[in-house]
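Report on the structure given below.
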Number of protein chains: 2
Amino acid sequence: MSEQQSTLDIQKEHQQYVEDLGNFKRTHNCSELNKNMLGQEVCLMGWVQGRRNLGKLIFVDLRDRNGLTQIVFSPDENAKAHENAHILRLEYVIAIKGIVRPRPDGMPNKNLKTGEIEVYVTEWKLLNTSKTPPFVLEDDTDASDTLRFEYRYLDLRRPVMAKNLKIRHQITMAVRNYLDESGFLDIETPLLTRSTPEGARDFLVPSRISSGHFYALPQSPQLFKQLLMIGGSDRYYQIARCFRDEDLRADRQPEFTQVDIEMSFVNEEDIMSMTEGLIKKVFKETLDYDVVTPFPRLSYDKAMLEYGVDKPDLRFELKLKDVTEILKNSESKVFAGAELIKAMRIPDGASLSRKEIDAFTELAKTYGALGLAWIKVKEDEWQSPLAKFISPEEKTALEKALDLKAGDLIFFQAGAKDMVNTALGNLRIQVAKHFKLIPDNSFNLLWVTEFPLFEYDPDSKRYIACHHPFTAPVQADFEKLGVSPDQIKARAYDLVLNGTEVGGGSIRNHNAEAQRKMFAALGFDSEEAEKQFGFLLEALELGAPPHGGIAFGLDRLTMLLTQSESIRDVIAFPKTQKATCLMTKAPGEVSEKQLKELSLKLSENTNEKKS
Amino acid sequence: MSEQQSTLDIQKEHQQYVEDLGNFKRTHNCSELNKNMLGQEVCLMGWVQGRRNLGKLIFVDLRDRNGLTQIVFSPDENAKAHENAHILRLEYVIAIKGIVRPRPDGMPNKNLKTGEIEVYVTEWKLLNTSKTPPFVLEDDTDASDTLRFEYRYLDLRRPVMAKNLKIRHQITMAVRNYLDESGFLDIETPLLTRSTPEGARDFLVPSRISSGHFYALPQSPQLFKQLLMIGGSDRYYQIARCFRDEDLRADRQPEFTQVDIEMSFVNEEDIMSMTEGLIKKVFKETLDYDVVTPFPRLSYDKAMLEYGVDKPDLRFELKLKDVTEILKNSESKVFAGAELIKAMRIPDGASLSRKEIDAFTELAKTYGALGLAWIKVKEDEWQSPLAKFISPEEKTALEKALDLKAGDLIFFQAGAKDMVNTALGNLRIQVAKHFKLIPDNSFNLLWVTEFPLFEYDPDSKRYIACHHPFTAPVQADFEKLGVSPDQIKARAYDLVLNGTEVGGGSIRNHNAEAQRKMFAALGFDSEEAEKQFGFLLEALELGAPPHGGIAFGLDRLTMLLTQSESIRDVIAFPKTQKATCLMTKAPGEVSEKQLKELSLKLSENTNEKKS
C-alpha cells in the first residue's frame, strides 16, 4: 500500500463516520510525563506539531494546551501503527497509546518539561485530519493580525495564546477566591438596561415587545451595584461585561470586562486596603511575584506637577519641574509669557545626538508641542540653540532648581498647561525607554488620589464628572457644589500599574441631597434629573448606606501581567478596530422579518454609507 | 428639645452633609455576636428593623445581610445617645458602638443566632434617614410583585432574598472551584455576536460603524465553545449570560445565565461523570446534602412511555402504562380507535371525591385533553361512568397490566400520542401533590439519554434539531442521516432534577462531513450552510478534536436549591413578563440623534403599537 493510498483510505474512513474514541482513554496531558514514569503505559491525545522520519523511526511532537511530548513510531513496536503513521501531517488530531521510555543518552531537550522522555507508540487512532494551516502555529508566527483573527481557533493553539488564556483564568480565580474569603457575593446585574445620557455612547438593543423602545447594554454595572448596596448586599463583586460604542483605539474593545466591586459602610481606606490584598494575591498566585503593600500614594496635583500625567510610571525617576517663575521673562520667544514652563532633567543625557534629539522633537509634536527646547549641560558651557538667550541669573536658578550636573540633558516645554504636561509626560516614558531606565519584570503599583470632582468640557461648554456623576465630593468641599465646581476634590482614587490605569473607584453619594446637587452642577435641571435618575434618587431616600467601590479593567490587567502587547492577545475572540469579528463576520445583515418584528427600518443613507 | 424637633435637626444636618463614617469602624456583622463575647466593645452598622420603647429603655433590631442584633439605648449608658434614639424610624441606617451584654434571664430569643446577647449602645451615628418603605421588609411581605420589582432594592433587604443571593453565590463558587480543580479554564466569549437562523429569536444590536448591519446577543456560547475546543483549550467553562427574545412564560427571562462547559477528547461517559461530581459538590457545599452518584439513567423512549414526559420527577412512582392493545377495540367511544391509550394507577386513590376528580378533569383539559376517564376500583365492583362499556376480558387484562388492588383509582387518556403523554404526564405531578406523595426536602437527579436527533416541526414542515444542529448522531445511526431522520438517536443527554430539566448537552460533530449532512437534513442547501456556518465547517477541517459538553440553567438550579417559586426570586434584578424593568423603566425611549447614528428609523406603525 503506497503512502498516498493509505492516507486516502484512512482519511476517507474518518470523513465518513463520526469517529468515537473507542477504547482510547486519555491518561495524561502532553506536559506531564517525566522520567519517574518510565515503563508506564500511557494514552495521550493531541495535535501533530511536527513529524520527522529518522532512519526507520518516525518522530512526532504531540501538542496539547499544556505542552509537547515526543512520540515515536517504531516498526519494532507495532508494524501496522508505524506504517500508518506516514499519513500524519501538521495539525492532524490523534490518540496514542504507548510506553514511556528515556530519551537516548545526551538527547534530553532541556527546553521541554517532558524533554527527558519519549513515548513509543503501541497503538494509535486518527481522530481527525487537517488541511494545511494558513500560518505557522508557534509563538513566533508569520501570521498577520487579519489572518490570526480570521482563524482565531488556530491562533489559540499557539502556546503563547494558550498561556495567556490560562493566566487570565488564574487571575479571575485568584480574584474570586480572595473576594469570596472576604465576604463578597458574586451577584449578576442585567445586561439589558436603560440608556442614560452621561458617559460614552451606548450600544442599543431594540425591544420587540415594547416597540419603539430600546434597551442599552451597560457601560458598567455602576447604578446596579449601588442599588445592591442600598439593597443591603453589603459586599458585592462581579466580573462584568461592559460595552462602549466608541471609535476604537488600539487598546479598546467594544465589549470589555471589569472586576467590579462595591462595599457598604466603608471609607476610602477600607477599599484601598481591600484592593491591596487583592492585587497582592493576584500577583502571588499568577506570577509568584511579591508586591509590597501598602502601595504608595500620590495626589493628582502632585502627579500632574511631577510627571505631567495622572497615571505616572514610577519604575523610573525623571521628574518634571515647574520652572515658569525662572523663565517666564526669558529673552527667548520659546519661554516668554508662557502659561507654564516645565523642565525634565535627564541625568547623563548629554550624550544624545542631534538626530536623536530631533526624533524626540517629532514625538513631542505628536502631543501638540510646537517643538522641543533642550540644553546639554557640559563641564564648561551649556550647549543649546537657546544658550545665548539664557541669562546668568536664569542659569544659576535652573542649576539650583534642577540640581544640574555636567553631562545632563534638559528637555523643556512651554505653553498651555495641558499641552506642556501631555508632551513632557509622554516624552518622559520614551526617554526612559531610550536610556533603558525601566527595569525588566518589575511592577510598580501606585494610588493616585484627590482627583478633581469636575472637569470643564470645552466641547459641551459645561462641567462634566471626572470620574462619574455618582462620586462624592470630599466633605470639606461640599459647600462649593454649585459655587466653584473646579475647586472641589472628589473622594476618588485610581490604581496605576507601570504607568497604566488598571483600576479606579470612589466613595459614592449616599445622600439624596448631595446627589441632586451633583446633578445640578452637571447641568441637569431637576425635572431631567428625576426623569433619568429618579429611581436612584428615590432609592437614596429609602435607607441608603454609605458605600463606595472600585473597578479594574481585567483585559488590561491581564495584558500587563502576561506582558502582552495588546489586550487582543488576552481576549479569546476579540474584535478589530472596526468592531468586527473576522472569524464569524459579525456584525451581519439580518432579515426584513427581523427588522419588521422590531418595528425598525434602515434609513435610506445606509447603503451609501456601506463601503 | 421635643422629639420632633430633634428629628428635624438631626435629619437636616445629615441631609446637608455627605456623611462620613467618622471614627466608627465596623467590628462585626449583625449575626456574629454571642455569649462568648460578653463585655466586648463592638461597632455594628445596619438598618433599623424595628424600635420598641420599654420603660426608659429603647430597643432596636439592627439588621444587615447576615441577620439581626438587638441593640439597647439606655439613659444610664449615654444620656444624649438615648435621647437622640427617639428619632429612629424603620430603615434608618445607623452605626453604633456598644458593649455586648447577656439578655436578662429567660429572655433569649432562640430563633435568632444572636438571641443570647444584646448590645448596650455607648455612642451612635445616623448614617442615613429613610422615608417609610412602601411595604413590609420581612420574609412574609404584603407586597405585590409589581411593588417588589419597582422597589427591588427594598425587596432585596428581605432575609429570604438575601439568603437566595448568598446561595446563588455559593453555587457559583462551588462550580468554579470544582471546575478549576478539574483543569477547566474560565474563558469569556463575545456577547456581540452574529445572528444565526436556527433556534429562538435573537436580540439584535445595530452596529454604528457598519451601518445596516447588526450584532446578535448570543442564545448560548455554543459555537464559541466548540471553536475553543478546536483552538485546543481542552476544558472550558463559563458562567455565561444568554439571551432569547421570546414571549415570556412565567419561568423565563429575556436574559438568563448558564453554566456552560465543553471538553475535548471525551465521550458521553466522561461528561456525565464529571457532571455528577460537580452536582454532588454543589449540593454538599450549599445545602450540606449528599447526593448519590452515579445518577440513574432513563432512555428518552422509556421516560415517555412510563412518565409521558422527557423530564420525569422520580421522587414518586405513579407510572403510566400503555393499554392501547387492551382498550383499542373498546365499546367506549372514549377509547375506540385511539392512537394511544394510557392509564395511570393511583394506589388508594379511590377516596377521591367526584368534585376532586372534576378538578383534575379541568386540569387535563388545559393540556389539550377532551376529558378524563377514570375508574375507582372497589372491593366488589368498578365505579366509573365507563364501567358498563368495559368487557370482562378488558377488565381482567387491565387488572393484570396495572396490578390493580381494591381502593385504587385509574386515570386514562386516549387520543393523539402527544396529547395523551402531555396530559397524563402533567396530571401525574398534580396527583402526586394532591396525595402528598412528594417527600419534603428530597432531590431526585436523573439522566435522560438516547434522545432523537430530529423532531418534525409541523409549522415549518421540516425536521428540526431536538437539541441543536451541532449534536452528533450515535455512530450506528450515521447512515440514516438524510434517509430516515426520525429514526436517528442523538448523542445527547439531559439532567433532570425533581422533574425539571436543569442541564443538557451532547457530543458534537467534530467531523465536517457529518456536520454538512446534518445541515442538509435540516433543510439548508450547501450554499446557505456555507454562508451561515462556513467558519465552523472550515474550522472542522483544520484539526477539530472530538468534543462535547453540557450546560446548566443556573437560575433554575438555584431556584430548585433554594426552594423558590420562581427564577425571579434568585435573580437580583429580574424583568417582568413583558421584559421590562419596573425599577429603571428599561427599555426606554432614545434620542433621534442615537437612532440617526445607527442609520435607523422607527417604522410608522410604532406609535400605534404602543399602548
Q | Whole-number percent relative contact order across chain A, with pairs defined as alpha carbons under 8 Å at least 6 apart | A | 12
Q. Taking neighbour Cβ counts within 10 Å as the exposure measure, how do A:Tyr300, A:Tyr236, B:Tyr215 sort from fewest upward?
A. A:Tyr300, A:Tyr236, B:Tyr215
Q | Computed [θ] at 222 nm, deg cm²/dmol, chain A (DSSP H ≥ 4; -39,500 (n - 2.57); rounded to nearest 500) | A | -8500 deg cm²/dmol
Q. Near the amide H of B:Ser220, under 5 Å away, which other amide H atoms are found, from residues 5 or more places off or on another chain, if H is placed in the peptide plane?
A. B:Phe243
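Would you please name the trypsin sites (Lys or Arg not before Pro) within region B:502-611 that are DSSP coil residues with at most 16 other C-beta atoms within 10 Å of their C-beta? Walk me through the numbers before you get to the answer.
Numbers: sites: B:Arg508, B:Arg516, B:Lys517, B:Lys531, B:Arg556, B:Arg568, B:Lys575, B:Lys578, B:Lys585, B:Lys593, B:Lys596, B:Lys601, B:Lys609, B:Lys610; in loops: B:Lys575, B:Lys578, B:Lys585, B:Lys610.
The qualifying sites are B:Lys578, B:Lys585, B:Lys610.
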Q. Between rounded, prolate and oblate, where does the protein assembly as shown land on the alpha carbon gyration tensor, with a ≥ b ≥ c its root eigenvalues, rounded for a/c under 1.5, else prolate if a/b exceeds b/c?
A. oblate
Q.
Give me the percent relative contact order of region B:3-128, please, defined on Cα pairs under 8 angstrom at least 6 residues apart.
A. 29
Q.
Using Cβ counts within 10 Å as a stand-in for footprinting exposure, how do B:Phe552, A:Phe316, A:Phe533 rank, fewest first?
A. A:Phe316, A:Phe533, B:Phe552
Q. Taking only the alpha-carbon positions of region A:316-438 and ignoring solvent, what does the Debye formula give for the base-10 log of I(q)/I(0) at q = 0.09, 0.11 Å⁻¹?
A. -0.21, -0.31
Q: Could you pull out the longest piece of chain B with no exposed loop GluC sites (Glu not before Pro) in it, calling a site exposed if DSSP puts it outside H, G, I, E, B and it has at most 10 other Cβ atoms within 10 Å?
A: B:1-378
Q. Residues with amide H under 5 Å of B:Leu542's amide H, sequence separation 5 or more or different chain, H placed in the peptide plane at 1.01 Å from N; which?
A. A:Lys131
Q) Setting aside same-chain residues fewer than 8 positions from A:Lys378, which aspartates and glutamates have a Cα under 16 Å from its Cα? A) A:Asp348, A:Glu399, A:Asp403, A:Asp408
Q | P(r) of region B:250-292 over all Cα-Cα pairs, binned every 10 Å from zero, in whole percent | A | 22, 35, 36, 7
Q.
Over 31 Å between Cα atoms: which of A:Lys131/B:Lys281; B:Lys131/B:Lys601; A:Lys342/A:Lys436 fall into that group?
A. A:Lys131/B:Lys281; B:Lys131/B:Lys601
Q: Name the lysines eligible as straight-distance cross-link partners of B:Lys163: C-alpha to C-alpha under 18 Å, and not fewer than 8 places from it in the same chain.
A: A:Lys225, B:Lys113, B:Lys284
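If you take the Cα Rg of region A:499-611 and divide it by 2.2 N^0.38 Å, with N the number of residues, what do you get? Write out the running numbers ahead of the final one.
On the way: Rg = 21.9 Å, N = 113, 2.2 N^0.38 = 13.3 Å.
Normalised by 2.2 N^0.38 Å, the Cα Rg of region A:499-611 equals 1.65.
Laboratory data are not the source of any read-out in this text; all were calculated from the coordinates shown. Remember, it's a predicted structure, so these values are computed and weren't measured experimentally. Cβ atoms come from the backbone with ideal geometry, glycine included; neighbour counts cover every protein chain shown.
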